[in-house]
1. State all residues of the stretch 112-140 that are closer than 30 Å to Ser33 by Cα and open to solvent by less than 50 Å² (accessible area, probe 1.4 Å); if no residue qualifies, say none.
2. Do we find that Ala47 is surrounded by fewer than 17 Cβ atoms within 10 Å (Cβ to Cβ), modelled with pLDDT of 85 or more and hydrophobic (A, V, I, L, M, F, W, C) in this structure?
3. If I ask for residues that are within 13 Å of Pro78 (Cα to Cα), within 21 Å of the chain's Cα centre (by Cα) and in contact (Cβ under 8 Å) with a residue 12 or more places away in the chain, which ones from the stretch 24-59 would you list?
4. Could you grab me the full set of residues in the stretch 78-101 that are out of contact with any strand residue (DSSP E or B) (no Cβ under 9 Å at 6 or more places or on another chain) and in a loop (DSSP other than H, G, I, E, B)?
5. Only one of Lys65, Lys6 is under 20 Å from the mean Cα position of the chain (by Cα), at negative phi and open to solvent by 80 Å² or more (accessible area, probe 1.4 Å); which?
Amino acid sequence: MTYNRKKPQDRFFKKVDKQGPNGCWSWTGAQISGGYGHFRLREKMIAAHRYSYIFHKGEIPVGLKVCHTCGNPNCVNPEHLYVDTHHGNMKKMKEEGRLAKGQAHGTAKLDDAKVKYIRKMYREGLTKTEIAKMYKVTPVTIAKVISGQRWSHVTE
């Protein structure tokens, strides 16, 4: 018995729209949160941009991630893909203003107004532990807010 299975690259390219903005190749298949495409390869799921990188450029070196020059997580254009460390990618995203910070971050428990008030309460004598209990965060989080290590974009 023979099976008529399509090659992975044939299945992959049926889900790619090469007419995207700014030369992006948009993934039209399944996506996970954050807009990253997913593709089934040999009974496993792989990120679509990772498959595109491997198909066009070769294996991904150990310890590196596939990153986008375009900032579009849905893009699978190999010309927009490069490898870097997680730290390097985060640094580049921050420099380009693409890193979610403060209340724009999906898991933020604080917002700009709360951060200003936290700093004010600390200046007025409340302890980090007391403030942390009020906002249901850790004293370490409060310490980082006060020092400006976190929420540095919020000024008085």
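The values are calculated or read from the model by the stated rules, or taken from the named source; none is laboratory data. Computed from a predicted model, the values in this text were never measured in an experiment. When we count neighbours, we look across all protein chains shown, and the Cβ atoms used for this are built from the backbone with ideal geometry, even at glycine. For the accessible areas, the whole protein counts, side chains as well, though only heavy atoms, and no ligand, DNA or RNA atoms are used. Shrake-Rupley method; radii C 1.70, N 1.55, O 1.52, S 1.80 Å.
1. Within the stretch 112-140, Val115, Ala132, Tyr135, Val137 qualify.
2. no
3. Cys24, Trp25, Ser26, Trp27, Ala48, His49, Arg50, Tyr51, Ser52, Tyr53
4. Glu96, Gly97, Arg98, Leu99, Ala100, Lys101
5. Lys65 is the lone residue from the list that is under 20 Å from the mean Cα position of the chain (by Cα), at negative phi and open to solvent by 80 Å² or more (accessible area, probe 1.4 Å).
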